[in-house]
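Worksheet: one structure, shown below.
The values are calculated or read from the model by the stated rules, or taken from the named source; none is laboratory data. Treat the numbers as computed from the prediction; the structure is a model and nothing was measured. Neighbour counts are summed over all protein chains in view; Cβ atoms, including those assigned to glycine, are modelled from backbone coordinates with ideal geometry.
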Amino acid sequence: MILKKIEGETEIDVNMELDIFRSELIAKIEELFHVHIDNQIKRISWKNLGIDLQKKNNQINSEEFPGFCLLITGSSLVHALSNQLKMKFLELSTMCKTVICCRVTPLQKAQVVELIMNNDNVITLAIGDGANDVSMIQSKLKIQYHDE
């Protein structure tokens, strides 16, 4: 898997690291899938690029492409979830097969789940190890009950 760590301590650092990851991600997608992303300002998604990673008839065998992984620390996540950066974080997160948030608070866990569920129609799996995960679970349930 192609792993990117986000470990910036300031909003400027996190923004720069997210921008670098986005550029690297776009370059790798163009290289592997033989596509050209004309409008690199517009939000990228696998669907918008016309790439279905589940199908075997892509330009590249999906078994050859390990996918992207984003690892972000709690101190960086504070900035990534700010109003200025949260949509950039969402875009990059949804392009990854895996997002690992380490050393995060219960509130941050809930905020990540809410960000994904409120903006994209995708399945979100959040794994925790105890009572500090209650807000994350309640956040997911609150959204589900509100939608019904």
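Details
- Subset of the range 1-30 (residues that are basic (Lys, Arg) and in contact with a Ser or Thr (Cβ under 7 Å, 6 or more places away or on another chain)): none
- Residues in the range 106-127 that are surrounded by 14 or more Cβ atoms within 10 Å (Cβ to Cβ) and outside any helix (DSSP H, G or I) were compared, and the one that is modelled with the highest pLDDT is Asp120.
Residue by residue, here is whether (1) over 21 Å from Asn119 (Cα atoms); (2) of a type in the set (Val, Ile, Thr); (3) modelled with pLDDT of 90 or more; (4) in a loop (DSSP other than H, G, I, E, B) holds:
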{"residue": "Leu18", "(1), (2), (3), (4)": "no, no, yes, no"}
{"residue": "Arg22", "(1), (2), (3), (4)": "no, no, yes, no"}
{"residue": "Ile26", "(1), (2), (3), (4)": "yes, yes, yes, no"}
{"residue": "Lys47", "(1), (2), (3), (4)": "no, no, no, yes"}
{"residue": "Ile60", "(1), (2), (3), (4)": "yes, yes, no, yes"}
{"residue": "Cys69", "(1), (2), (3), (4)": "no, no, yes, no"}
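- Every residue from the range 75-102 that is over 19 Å from Arg43 (Cβ atoms) and either modelled with pLDDT under 95 or in a strand (DSSP E or B) (or both): Thr98, Ile100, Cys101, Cys102
- Residue tally, condition of a type in the set (Phe, Trp, Tyr) and over 17 Å from Ile51 (Cβ atoms), over the range 66-100: 1
Residue by residue, here is whether (1) in contact (Cβ under 8 Å) with a residue 40 or more places away in the chain; (2) hydroxyl-bearing (Ser, Thr, Tyr); (3) surrounded by 13 or more Cβ atoms within 10 Å (Cβ to Cβ) holds:
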{"site": "Glu9", "(1), (2), (3)": "yes, no, no"}
{"site": "Arg22", "(1), (2), (3)": "yes, no, yes"}
{"site": "Leu25", "(1), (2), (3)": "yes, no, yes"}
{"site": "Val35", "(1), (2), (3)": "no, no, yes"}
{"site": "Asn39", "(1), (2), (3)": "no, no, no"}
{"site": "Asp52", "(1), (2), (3)": "no, no, no"}
{"site": "Val78", "(1), (2), (3)": "no, no, yes"}
{"site": "Ser82", "(1), (2), (3)": "yes, yes, yes"}
{"site": "Met95", "(1), (2), (3)": "yes, no, yes"}
